[in-house]
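To keep things clear, I will list the structure first and then write my remarks on it.
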Amino acid sequence: MNWPVADLDPVRRLRVLAAGLPGAFLAESVLDAPFDRVWAVAADLEHELPLLLRNVRSLRIVQADGENLVADIAGHFFLRDTFDVVLRPGWCVMQSARVVGGMAAVTEGTGTRFAFLGALRVPGTRPAAPVLRKVGQPVGRGLLGRLRDRVA
Amino acid sequence: MPEPDRTELVCAAQRGDAIAMQELLGLLTPYVGRLCGPIALDDGADATQEALIAIFRNLGQLTEPAAVFGWARAIAVREAVRVARRSRRVVPAELADVPAAGDAELSVDIRDVLDRLAPEHRAILVLRDVEGLDEQTVGELLKVPAGTVKSRLFRARRSFRKEWDR
C-alpha cells in the first residue's frame, strides 16, 4: 500500500528552524530568477555574502569537509567570528557562539522562493524576542533586495 | 543514528544549537511527513510544517530526549488532524472501505480510500497500520477509548471487504 507522504522543502524547513530559535527573524520573497542562478549567488559565501549583508566585511572559508564548513567572518567595527556552516543546494545554516544565520531556496513557478534567517545566541534573547524580530526585519529585507538585484 | 548520539543531538538542540537543530530537523522531517501525509492529504506539507514548528518550539519541554520520536508522533498526529479539519475539504464519514494491513486489497490506491474519511479516522488508520501501535496506545494518543478504536477499524475493514467482493 502506498501511503501518501508529505515532504518539506528547504524554505519551509527554515521557517521551522526560525520558530525554534527565540528572537529569530525570517525574511522571505519570490525572486524572478531560476533556482540555479539564485543559489549560485547565495552559495558563493566568500564573494557574495559581503555584498549581500552590509555588516559583513569579509568571509573566508578556513575548513571544508563535504557540506560542513568553517568560516571566519569579519564585520565592521572590528567584529570577528568563526562560524560552523552547513551548505548544500537550497540550504545554508551558519552559527557562531553569538549569531545564527540561514538561507533557503526552492523553485516556485518560473522563479525562486528565497528565505533568510537571522538570530542572536546571547543571554536575554527570549524576553527580547519581539524587539529582535522587529529590528531584524530591515536586515532581511535589505539582503533580499540586494540579492534580487544580483540575480536580475 | 545510534541512540546515545541521537540523545546528544536532542540535548544540543534543546540548548539552542542551530547546527544540531537543523540536523534533528533532517531526522524528524521524513518521520513527521509519513504521519501527516495520510492524515492531512493535500494539506500534508502545511501539517508537517506546523507539526515541526510545534515540536521545535516545545523541544525544551521534552524530558526524555531518547523518546523524541514518540513525543514528536503525538504532536504530529494532533497537528495533522487540526490542519485537515481547518481546511474543510473533508467529507466526514465513518471509517469505511478500509483494508487491514496485510490484506490482498492493500494494493488498492489508499489515497482514494483516505479521501472519503474524516481526519480523526485517518489518524486511527495511520497509527494502527503505519506505526503498528495497538488499540490501547492509539486510543491514548487520540483521547478516545480503545474499544472505539477497535470497533471503528473492525467496521471499516468489514465494509471494505463487502465492497471488494461485490
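The values are calculated or read from the model by the stated rules, or taken from the named source; none is laboratory data. Worth saying up front: this structure is predicted, and the values here are computed from it rather than measured. So basically every Cβ, Gly included, is an ideal-geometry build from the backbone, and we count neighbours across all protein chains shown.
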Regarding segment B:43-64, can at least one residue be identified that is crowded, with 18+ Cβ neighbours inside 10 Å and modelled with pLDDT under 95?
no
Give me a count of the residues in segment A:1-21 that are more than 7 Å from chain B (Cβ to nearest Cβ) and either on the phi > 0 side of the Ramachandran plot or part of a loop (DSSP other than H, G, I, E, B) (or both).
1
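Can you tell me which residue among B:34, B:73, B:86 is more than 9 Å from chain A (Cβ to nearest Cβ), of a type in the set (D, E, K, R) and out of contact with any Leu (no Cβ under 8 Å at 6 or more places or on another chain)?
B:86
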So which residues in segment B:4-31 are assigned to a helix (DSSP H, G or I) and within 9 Å of chain A (Cβ to nearest Cβ), if there are any at all?
B:13, B:18, B:19, B:21, B:22, B:23, B:25, B:26, B:29, B:30
Considering each of A:80, A:113, A:60, A:54 in turn, give the residue that is away from every other protein chain (no Cβ under 14 Å) and touching a residue at least 40 places away in the same chain (Cβ under 8 Å).
A:54
Members of segment A:35-86 that are closer than 13 Å to residue A:103 by Cβ and of a type in the set (D, E, K, R)
A:44, A:48
